[in-house]
1. Go over the candidates D:Asn198, D:Asn152, D:Asn103, D:Asn204 one by one and state the one that is touching a helix residue (DSSP H, G or I) at 6+ places or on another chain (Cβ under 8 Å) and at pLDDT below 90.
2. Quickly run through the range A:114-140 and pick out the residues that are in a helix (DSSP H, G or I), open to solvent by less than 10 Å² (accessible area, probe 1.4 Å) and touching a Ser or Thr at 6+ places or on another chain (Cβ under 7 Å).
3. Kindly evaluate D:Glu136 against the criterion of being in contact with a Pro (Cβ under 8 Å, 6 or more places away or on another chain) and closer than 19 Å to A:Ser192 by Cβ.
4. Can you name the residue in the range B:79-112 that is open to solvent by 40 Å² or more (accessible area, probe 1.4 Å) and at the interface with another protein chain (Cβ under 9 Å from one of its Cβ atoms) and, of all such residues, is farthest from A:Val139 (Cα to Cα)?
5. If you take the residues of the range B:237-255 that are under 26 Å from the mean Cα position of the chain (by Cα) and open to solvent by 100 Å² or more (accessible area, probe 1.4 Å), which of them is modelled with the lowest pLDDT?
6. Give me the residue from the range D:47-106 that is within 22 Å of A:Ala112 (Cβ to Cβ) and acidic (Asp, Glu) and, out of that set, least open to solvent (accessible area, probe 1.4 Å).
7. What pairs come out if I take residues in the range B:230-245 that are in the same structural domain as B:Ser217 (by TED's automatic domain parsing) and pair them with residues that are of a type in the set (Phe, Trp, Tyr) and surrounded by 13 or more Cβ atoms within 10 Å (Cβ to Cβ) whose C-beta lies under 9 Å away, six or more apart or interchain?
8. Every residue in the range D:303-338 that is free of Cβ contacts under 8 Å to residues at least 24 places away in the same chain and under 25 Å from D:Gly142 (Cα atoms), please.
Amino acid sequence: MSYYITVLTSITVDLVAILSMYLLLGLTGIFSMGQASFMCIGAYVTGMIATRADVPMGVCLVLSILAGMICALFVGMPCIKLRRDYIALVTLGFGEAIVALLNNMNNITGGALGITGIPRKINLYWGLLILILTILFVVNFKNSKFGRQCIAVKNDEISAAAMGINVARVKLLVFVIAGGITAMSGCLLAYSTTYVEPLAFGVNRTINWISTVFVGGINSLSGSTVSGLIFGILPEALRFSSSGRIILQCLIVILVVNFLPQGLFGENEVGDIFKKIKRKLTKKPTVWEGEK
Amino acid sequence: MNIVEVKNLSLNFGGVKAVQNVSLTIEKGGVTSIIGPNGAGKTTFFNIISGVYKPTSGTVIFDGQDITGLEQHEISLLGMSRTFQNIRLFGQLDVLRNVQTALDSRARYNLFDAIIGSPKKRKFDKQNAEKSMECLELVGLAKYAYEKPGSLPYGMQRKVELARALASDPKLLLLDEPAAGLNLTETEEFIELLHRVQEKFDLTILLIEHRLQVVHSLSKKIYVLNFGELLAEGTSEEIQANEEVIKAYMGEDDE
Amino acid sequence: MPAISLYYRLPALHSYKRLKGESHMYYIQLLINGISLGSVYSVIAIGFTLIFSILKFSNFSHGGVMVVSAYFGYVLSTKLNLGFFPTLLMVSVFGALVAVVVQYIGFDRIRKSDGNVMLLFVSSATLGTLLQNIIVITFSSTYYSYPKFFTTSFVKIGNFTVGVTDLMMLVFSTICIVVLMYVLYKTRLGISIRALSMDANTTQLMGINASFVIAVTFMISGCLAGVAGMFLGISYSLYPQLNALVFKGMIASILGGLGNISGALYGGLLLGVAEVFLTNFVGASLMPVFTFLFSIIFLLVRPQGISGKFTLEKV
Amino acid sequence: MEMRKLLAIFIIVLMVASLVGCGSSNNEATPQETTETTEAGEEDVILIGGVNDLSADRSVLGNAINRGVELAVKEINEAGGILGKKVVYKVYDNRNDAQETINAYTRLCNVDNVSAVITSDASSICMALIEVSGVEKIPVLGMPSDPRATMNVATGEPYPYMFLVSQPNAVAQANIIAHYVNENTDLKKAAVFYDQSNAYSVANSEAFIEFWKELGNEVTIIETCNKNDQDYKTQLYKMKDAGAEFIYCPITTTQLVLLANQASQNGIGLPYVGAMDMADPFLSLINNPEDVNAYFQAVADMKSERVAKLNAAYREAYGEDATVKSVNGYDAMYILKAAIEAAGSADPEAIRDALENKIQNLKILVSDNYTMDPKTHAPKDLGMVICKITNGKLETIGYYEAN
């Protein structure tokens, strides 16, 4: 059933990008409108290298991640300290600038014609492996001091700074990491579609990711993942109706946003269940009752 | 020995002089209080010291080091910690993790440790969680460690904030109207708690309050601010006898 | 068929002949073009920023309202043979209605439950897509355009030419802005709107009906979207992707100082003029790159935008 | 809280249910969007798949092509089908996205078991299918303007399952118009204006520039625009300044309208030479059609007798005038019909061979002797209809081949 494998592969690619969106928006509250342009960078780095030289996939993967991180650093540095809304503007502008640059340097990038003939090196197993590694990365990140700092920054920047958290650095760190992960998903995309063109990475793609994260639950990694899965499968399941599926998708988002503002999962994580059980099994913390 | 020395501190907000030429010193140990009517510039003064605002002029020396113009987190890492007038806890983190954030910025492990979950990371996280739990025990909230702060009553949230500020072992603790919104018994309890904290940690506390009676029993020295200027300084008795202070407070009827 | 190299590079052969001759005239003409382009951006940006000022989110459904209104105006003017002014009137009323419906479906509940502001953004972006797709489904099988409303297509002022639709757009956006400013600063309603934009809680405590004021603000914004949509339809022809222009409106309103009405006006003009001059000097191909750099530098130099006031966050 | 949890669970269940429901209905041969639903088993029908831009940015073009295919299928079925079997056409939307296209194509191949797939005129869509068509081995008939969609430019080998049908590629189109303008008009100095984000526009203008120079003429200035630009006045001034005699502008209809309106507003009366998008309804969209003078090419003359039947059917089915894109779709289906008949079966491999070798001198709407070139998988020496607009009056000059 090559069809199901193709669809699942494409979902894993998108899920990787959605994880980066979760890191940005869900964990740290950074509102990037041009995140798809980092996917574009990853896809183009891969496309340009893989069509010119026969290099192993790992090399392209690493180079894509590096390119994404460097670009994120370049974009993030000037605007990370500015007001929250400005990063949306700057990333939006960056997206358009990248497309214009790619169109312009057509002797290297093929311009609007895109790059064809990228070898198809990603199969479902590779995709799943990378997806699982990314999930592990995000889970460990979230459960470390970095994750707590990110949530603190998202909840209250001033209070976070008063706790000794370097707010700008945490935000930049997340922005750079997310840039790297998104670029990695771009690399996977290039290897799975074998063709890249600049127009595929417009702002609508980013908006789709944002709604996906919100539908799953902005504060839940599991929620974002599950809703990424749902929004990957749903359009395929509704493929028979070209116009209906977009409208249905819109309606689901509007319903969830209106009636389940916390998303499908709220703040729950799949892993939390185990933690709660473990906590119940171990000794309860000693309670200091005060001098009453 | 003085832990804080403030010299000629001023801050203008687009024409409004929020703090004007304030100079004061805070001695190490014990509780020093800043009082003054509403809008006297007390919180602004705190915000300058803790790095939220940059002063228009003047210098702040903390523990022998000039901290004027430093970022908030840099000042925090030097050993100054604070609470806020309107409680500012992290709503999405449970109580324990709220306290832990104060220690996290001091935990020495890098991103790589975090991602692979290295022993170093686990050691630091465990240490910090234990220490945070101790702080919570001190304020009597250990059994709420896994609750979200939003679900706790106001008085407890104040205590969580105090525990969070204490967790990093600060040299100086800034408390911004810690008794605001508390009823009489809660206030007494809180003062009690402060005494205990002070004994246990051997730190210096700088307290903002606009009700004189709250700071009365606690402070060894009191500064009075009015309209952004230093009005008076002295011991509790001296301030209570000060005519100017009484006049400044008379103008205010809402208390 | 001769073999051709597909990677043949297109050189940008810019001509700077104008620089030698009557250069200042040329630049004035460029400035006029920039202002007329900017006035489009301004009208979009004002409607956009009006909502931002009270609800603090980027309302992307504005683009959707624009598209729907533009097509509604097309139906009126071709099927019912309405003239320019009746169509404009109906379209702005229609835009207002759509915007109110959108606010009711998309934002009312979230606003009342005091949810994350980003939820409002997601809701608005989704509604924008929904409106656009409704148009795609109903009208996407061929191209449409408005009938010709004006007999002449351009006027000469001295040596300069200005398109009639551009001029009308400029005139109407000025009228819109003047009326809006009057409403905002001289009427009770306007004071309520401004009060709401400064402090929602206090305003409600003072007995102002927030829901009503928000609904009215959406109506005003919808009106502007309708006017913008119709003018876009007239000068740029109708297509469902017209709502992409809302991004230009967003950029303009941020440059102007988010949430500031007069700032949005200046931001739009600045963006329009910047784009036209960049097209002239660096060519359209690299224009987005320079617009990006320009906006970064602008925000670094003036982080509060053109008219924005810099307020310290209260702690 | 409880109600919210219930609602969350309800939505998840709804989604899963719809997934399961759709997943199971996939296996039954009851396509939802077909022109002809049959109760008969798979043996009696020939399944043809379609992937097209039915929504998103190119929906106007995608829908027009798709309607052309649908009309052709209807006609063929009314005339008794192909090889005595009814044709069932099943089309999926791709939102003009490469990844979606691949998913839709593999679904058509694996789940719906179609014999061939007709796709879009967007090069990007066709190029996304190059790799996967080699794996699935189901022939793809598209109208990509980029020669790279059907042929590996580096090796000169055509991709076995990719076919360009019913119109010449962008390079051949540029060749035709360049030769025509050179031979039949006294226009010499060209200004080229193209959309750098549009693959067709770039490929076509690059080729035009090369041909135009080869013919000994001059390209005085090259100007570009981007997808969402709204102001072309600056470029128009520059082109006029550069002393160009005409503007070569292979851009989309929407952009052409913008260009023509702004040119007439600013009194820039240069004639246009363009590609296919100047066909109807272009003239009806602009404010001052009387200011427009142009030469352009189209796959067919929409007012001619040849297209009358399609026009009438289109008007009856959809209540609108057909556009040239529908001719593309309509012809693609008839080319496929000819291939299936030549192959004698609906076996994809046989159809592929027939498409490559047996499409010769076919009489379809775009040509009287349509021949597929086995070396390029593109139509061999296919000409186009040259049209002329004089002060807003459209007239068809006639069919023209470059060589």
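1. Working: D:Asn152 fails: touching a helix residue (DSSP H, G or I) at 6+ places or on another chain (Cβ under 8 Å); D:Asn103 fails: at pLDDT below 90; D:Asn204 fails: at pLDDT below 90.
It is D:Asn198.
2. Selection gives A:Gly127 alone.
3. On the way: in contact with a Pro (Cβ under 8 Å, 6 or more places away or on another chain): no; closer than 19 Å to A:Ser192 by Cβ: yes.
No, not satisfied.
4. First, the residues of the range B:79-112 that are open to solvent by 40 Å² or more (accessible area, probe 1.4 Å): B:85-86, B:91, B:97, B:106, B:108, B:110-112.
Checking the rest, the ones that are also at the interface with another protein chain (Cβ under 9 Å from one of its Cβ atoms) come to B:85-86, B:91, B:97, B:106, B:111.
On the way: B:Gln85: 34, B:Asn86: 32, B:Gly91: 20, B:Arg97: 16, B:Arg106: 21, B:Leu111: 13 Å.
For the range B:79-112, the residue satisfying everything is B:Gln85.
5. Among them, the one singled out is B:Glu255.
6. My answer is D:Asp53.
7. Sorted first by the residue in the range B:230-245, then by its partner, the pairs are B:Leu230/B:Tyr223; B:Leu231/B:Tyr223; B:Ala232/B:Tyr223; B:Glu233/B:Tyr223; B:Gly234/B:Tyr223; B:Ile239/B:Tyr223.
8. Going residue by residue through the range D:303-338, those that are free of Cβ contacts under 8 Å to residues at least 24 places away in the same chain are D:305, D:308-309, D:311-312, D:315-316, D:319-320.
Residues satisfying the conditions are D:Ala308, D:Lys309, D:Asn311, D:Ala312, D:Arg315, D:Glu320.
The values are calculated or read from the model by the stated rules, or taken from the named source; none is laboratory data. Since we're looking at a predicted model, the values are computed, not measured. All Cβ positions, even for glycine, are placed from backbone atoms using ideal geometry, and neighbour counts span all protein chains on display. Keep in mind that these areas ignore ligands, DNA and RNA; they rest on the heavy atoms of the full protein, side chains included. Shrake-Rupley method; radii C 1.70, N 1.55, O 1.52, S 1.80 Å.
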